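Take a look at the structure set out below.
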Amino acid sequence: MAATAPRGARRQTLRGLAFASPFLIGAAVFIVWPVLASAVYSFTDFNLFQPPSWVGLDNYARMMQDDTFWKALWNTLFLTVTGVPLTILISIAGAHLLNLPVRGQPLYRALVYLPTIVPVVVGGYLWRWLLNTQYGFVNYFLGILHLPQPEWLEQPQWGKPAIVLMCLWTIGGTMIIYLAAIKDVPAELYEAAELDGARWFARFRYITWPTISPVTLFQIIVTVIAYLQIFTQPYLLTQTRLNEASGGPGQSMISYAMYLYQNAFVFLKMGYASAMAWVLFLLTLAITLVLLWSSKKWVHYGSDRD
Amino acid sequence: MALTATESRIGAASPRRRRPTARRAARTALRHVSVWALALLFVFPFLSMLSTAFKLPDDIFSAPPSLWPTEWTLENFAAVFDEIPFWQYLWNTLVIAGLSVLGMLISSPLVAYSLSKIGWRGQRPLLVIVMATMMLPPQVTMIPLFLMWNGLGATNSIIPLVAPAFFGTPFLIFMLRQFLTSVPNELLQAARIDGASELRIYWSIVLPQARPALITAAIFQFVWAWTDFLNPLIYLNDASKYTLSIGLYSFFGERNLEWGPLMAASVLFTVPALVLFVFFQRYFIGGVGAGALK
Amino acid sequence: MELTTTGRRVLTRAVALSGVLAASVALGGCAAATSAGPTTITFSYLWGGEEAKALEKIIADFNASQSDIKVVGVSSPDAQKQLTSMSSSNGSFDISDNFGNTVGSWASKGILAPLDDYLAAEKVDTSAFAPASMDQMTYDGKIYALPIAVHTQQLLYNKDLLDQAGVTPPTTMDELADAVKKLTVVDGSGAITQIGLGNPSASTLFTTLGYAFGGTWDGADGKTPSPDDPQNVAALDWYTKTLTDPYGADKIATFASGLGQYMSAQDPFYTGKQAMVVDGEWQAVNIPKVAPTLNWGVIDIPAATPALAGTTQVTTSTLFIPSNSKHKAEAAKFLAYMVQDKPMVDFTLALGNLPSKTALLDDPAYAEIPHFDSWLKALASPNAKSLASQPYSAQYSTDLATAFDDIVRGVATPDKALAAVAGKVSSY
């Protein structure tokens, strides 16, 4: 057997590579090459119709001076910092509600999940309508509750909350994931806690939260990445006519990805857009690594499941 | 979020001997109402969309808004079919979604198999690579890919939209891999000892076992391709090639703020995904639950 | 059992889908095939709806008038896609339309085919076009597009509202400011219920005002962005002094957010929410259609000094041939047809636009349209100005739009906002 082991291992490696080959080829063509090419383009001035010309670090320097760049970055970070905690909190709370022993839970779970399969274009226009200052339902209900009824898509300070609101509508998937996670928490732990007289918040804090923390880590990372790249929702909420690029009132709703798209396909500054893409990439990488590193402090692995 | 065992024990110690059924009924009612309210919050926008699609313009532009149309009309739907080649867009979208699913089904299980059932040295590193690609912002590859397809003369066609699926979809590879790890190895070992080739084992033994996961993956891929916006936006130039996403987008751009027809078009666009959801609900929700827990 | 079902299912699916794939490839291929006979060229245009229908009629007329060329019209309203289509080696159209202010930018990038030789071959007389409409058509001494329709701006006013307030149509900026004051109505709670001067497009209004004050947006040579020209600042100061300062930018924004859709039955000018607007000639065709009971008038845009009287901003709709077209000669023939007298009259009448040829300005066909002559005359004015068509134009107009938005919101004063744009000019 010893003689065959290294040969067997090599054969296994070949098999492994063979089965993985679609992904490996695809990754090389659709990921590795474009990422490298994108880096090269970021050092050029390229308008799509004429050959690129080398400009060195010019694009990056220009970026630092560009007001709109900082505005777009600020907008995106604001969305991330408000959107992610809200997503996690509401998903966990919702998961608990969906876990309650009431009849009809499958229906409720389905209804909560439904918005995630709605095409985002439909969602965009639907929310545009719901957030209409005079005729939309959001302000109608706010009025019933005697709360202020802002001009959602017209005022700079309400643009980003509008985007977050629209994104929160589609957190059904996260909620279902958390539902599965809290179902997995061993019941004995809860019973032991009750015997000790723990109230529900303590039970949540010392049992539920740590046990689901791996899921939370994953969801935070995934949601942060999604918000950093956000494009379609603000794009649709601010769309004026087909031929115009808009950033919302006072540029309050232009996201990083939107400005990138504008630079690439409207202003035809593909080199500059590539530079922006790389900055986004490095930023995403940095934030992900920080999150992973911080996870040592608050994530508990090793439950009875595995 | 009710207090259960604890409170009832305390209650038992107190003078109140009889179990207060009123309070329990109130608790149950509270639970029902909270879940019901949650579901309603999420479903309400749909209702608004539906009701607006059937309203007359005067009704739409009336404040305060109401869910029930004063007068039901089909003119918005008629306007949609008048204005945009809905069936053409539907067909285009179906073709793209169908081909994506085909591509994904061909490639993703193969890679998932490599990541779970073949014990080889590269398994761990490959898994890390697959997960890393899930985190790459599409904007980084967007421009060079566009230039590549442009150079190949493949822009304004469905090729850039469909080809990547034939090389595996990272998230679904990951999900399938998770599933496959739970498939028992004994069957495979037996077949290997019998001298069956790995491909044979994959095709005849593992794939049939993975049917529920494959269906779930196919559904996810279908919905993603169906609802994709950015890729058709970049790659489809001729109006005749538009998908429903871009069709809706250009419908809005031309006739902006004509909410009736826009909502009617939205309803039409959502219906197929809804139908799919109603029939395959447990695959959606089951897949989501299973696939994302490490 | 499981095996065969799965296998069969996968197989049937594969067969069905590859059939679909084959079919769609075949169908896609068909469109590109050229038959022996007339050369087929594609005319992709941004117009849609009614305008597209009118255009299709003209295309049909052309096709019927000769048998060498068949024009296929495609309505493709997204300008982004138009641009990306021209970037690949197999473009999707041979002739298309856009606006005059993109010509310079696109010509400088080699996107457009120069037309001089084709125009000479087709005997198109470029001097027949109104000079104001040809401004934006050339770049670096060559012609890259022809104006199919032209647009000018005038001041429209609601006769009833002006009579009620005892205001005569203004002819100077001071009179205009006065009129705005009398025509803006604020209710008890401080909210605006009627505004003296509305703006369908802030960019159009402000750039036109800049011209009306004698300013220029593209420098004395027409090639250098000059956002902070002192007259431009003066024009926008006039606006803030007349509207945003006295009434409050946020109140104006609240008022604007509640207005109905432009050009529909709920249009704010048609429904009396805006007493006056600066707008283009298409209103003359739209108002009788959508708001026939509106009692309205048109007058030249007031100017800051008598020398600037008759100032207006000219924009053009252009036809061009992309350099990646494979049938340029045929496209040029169609282009020459479109700018002949009869097709141009047909087209502009249907769209409610101005013809670009000087001789057609007096054509009796336009006499029926109420107030149309006001816009026609404006085209011939010596003070008809247009924004330059330069490579920086796309980004410049976006930056100007941002500046104008800031001014309207009261976030920045005109000189600061325009100075900010001036600061960005170096990066163009």
Inside the stretch C:169-196, can you point out the residues that are assigned to a loop (DSSP other than H, G, I, E, B) and within 20 Å of C:Leu209 (Cα to Cα)? C:Pro169, C:Pro170, C:Thr171, C:Thr184
Name the residue that is modelled with the highest pLDDT, counting only residues in the stretch B:137-163 that are surrounded by fewer than 20 Cβ atoms within 10 Å (Cβ to Cβ) and facing chain A (nearest Cβ under 9 Å). B:Ala163
Taking the condition touching a residue at least 40 places away in the same chain (Cβ under 8 Å), surrounded by fewer than 20 Cβ atoms within 10 Å (Cβ to Cβ) and not in a helix (DSSP H, G or I), does C:Asn98 pass? no
So, in the stretch C:101-128, exactly how many residues are within 27 Å of C:Thr398 (Cα to Cα) and surrounded by fewer than 17 Cβ atoms within 10 Å (Cβ to Cβ)? 1
Looking at (1) within 8 Å of chain B (Cβ to nearest Cβ); (2) of a type outside the set (D, E, K, R); (3) under 15 Å from the mean Cα position of the chain (by Cα); (4) in a loop (DSSP other than H, G, I, E, B), which one does A:Ile230 not meet, given that it meets all the others? (1)
Any residue that is part of a loop (DSSP other than H, G, I, E, B) and not polar (S, T, N, Q) - is there at least one of those in the stretch B:159-166? no
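If you go through the stretch C:239-252 one residue at a time, do you hit one that is touching a Gly at 6+ places or on another chain (Cβ under 6 Å) and either crowded, with 18+ Cβ neighbours inside 10 Å or within 14 Å of another protein chain (Cβ to nearest Cβ) (or both)? Even if it seems obvious, please write down each step before you answer.
Let us first name the residues in the stretch C:239-252 that are touching a Gly at 6+ places or on another chain (Cβ under 6 Å), namely C:244, C:249.
Within this subset, residues satisfying the condition of being either crowded, with 18+ Cβ neighbours inside 10 Å or within 14 Å of another protein chain (Cβ to nearest Cβ) (or both) are C:244, C:249.
Yes, there is a match, as at least one residue in the stretch C:239-252 is touching a Gly at 6+ places or on another chain (Cβ under 6 Å) and either crowded, with 18+ Cβ neighbours inside 10 Å or within 14 Å of another protein chain (Cβ to nearest Cβ) (or both).
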Just one of the numbered conditions (1) of a type in the set (Val, Ile, Thr); (2) closer than 26 Å to C:Tyr144 by Cα; (3) within 14 Å of another protein chain (Cβ to nearest Cβ) is not true of C:Thr348; which one? (3)
If B:Phe54 satisfies every condition in (1) surrounded by fewer than 23 Cβ atoms within 10 Å (Cβ to Cβ); (2) assigned by TED's automatic domain parsing to the domain that holds B:Ile158; (3) in contact with a Phe, Trp or Tyr (Cβ under 7 Å, 6 or more places away or on another chain) but one, which is the exception? (2)
Matching residues in the stretch B:117-142 (outside any helix (DSSP H, G or I) and touching a residue at least 24 places away in the same chain (Cβ under 8 Å)) number 2
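Hey, could you check the stretch B:247-272 for residues that are within 8 Å of chain A (Cβ to nearest Cβ) and at pLDDT 80 or above and say which is nearest to C:Gln266 (Cα to Cα)? Outline the logic, then answer.
The first filter runs over the stretch B:247-272 and keeps only residues within 8 Å of chain A (Cβ to nearest Cβ), leaving B:248-250, B:252-254, B:256, B:259, B:262-263, B:266, B:269-270.
Checking which are at pLDDT 80 or above leaves us with B:248-249, B:259, B:262-263, B:266, B:269-270.
Details: B:Leu248: 23, B:Tyr249: 23, B:Trp259: 14, B:Leu262: 18, B:Met263: 19, B:Ser266: 24, B:Phe269: 28, B:Thr270: 30 Å.
Checking each candidate, the answer is B:Trp259.
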Here is a list: A:Leu98, A:Leu111. Which entry is at pLDDT below 95 and surrounded by 23 or more Cβ atoms within 10 Å (Cβ to Cβ)? A:Leu98
Quick one: C:Thr348 ticks every box in (1) of a type in the set (Val, Ile, Thr); (2) part of a strand (DSSP E or B); (3) under 18 Å from the mean Cα position of the chain (by Cα) except a single one, so which number is it? (2)
Matching residues, the stretch A:246-269, being farther than 16 Å from A:Thr76 by Cα and surrounded by fewer than 22 Cβ atoms within 10 Å (Cβ to Cβ): A:Val266, A:Phe267
Taking the stretch C:76-88 on its own, how many of its residues are touching a helix residue (DSSP H, G or I) at 6+ places or on another chain (Cβ under 8 Å) and either modelled with pLDDT under 80 or at the interface with chain B (Cβ under 9 Å from one of its Cβ atoms) (or both)? 7
Positions within the stretch B:76-100 being within 24 Å of C:Trp47 (Cβ to Cβ) and surrounded by 14 or more Cβ atoms within 10 Å (Cβ to Cβ), in sequence order: B:Asn76, B:Ala79, B:Val80, B:Phe81, B:Glu83, B:Ile84, B:Pro85, B:Phe86, B:Gln88, B:Tyr89, B:Asn92
Subset of the stretch A:248-260 (residues that are within 9 Å of another protein chain (Cβ to nearest Cβ) and either modelled with pLDDT of 90 or more or part of a loop (DSSP other than H, G, I, E, B) (or both)): A:Tyr256, A:Ala257, A:Leu260
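Residue-wise test of (1) basic (Lys, Arg); (2) in a loop (DSSP other than H, G, I, E, B); (3) surrounded by 21 or more Cβ atoms within 10 Å (Cβ to Cβ).
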site: C:Ser317; (1), (2), (3): no, no, yes
site: C:Ala365; (1), (2), (3): no, no, no
site: C:Glu368; (1), (2), (3): no, yes, no
site: C:Trp375; (1), (2), (3): no, no, yes
site: C:Ser381; (1), (2), (3): no, yes, no
site: C:Ser389; (1), (2), (3): no, yes, yes
site: C:Gln395; (1), (2), (3): no, no, yes
site: C:Phe404; (1), (2), (3): no, no, yes
How many residues does the stretch A:115-138 hold that are farther than 22 Å from C:Ala256 by Cα, facing another protein chain (nearest Cβ under 7 Å) and assigned to a helix (DSSP H, G or I)? 5
Only one of B:Ser66, B:Ser62, B:Ser48, B:Ser114 is farther than 20 Å from B:Val223 by Cβ, buried (at least 23 other Cβ atoms within 10 Å of the Cβ) and without any contact (Cβ under 8 Å) to a residue 40 or more places away in the chain. Can you tell me which? B:Ser114
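The values are calculated or read from the model by the stated rules, or taken from the named source; none is laboratory data. This structure is a prediction, so every number in the text was calculated from the model and none was measured. All Cβ positions, even for glycine, are placed from backbone atoms using ideal geometry, and neighbour counts span all protein chains on display.
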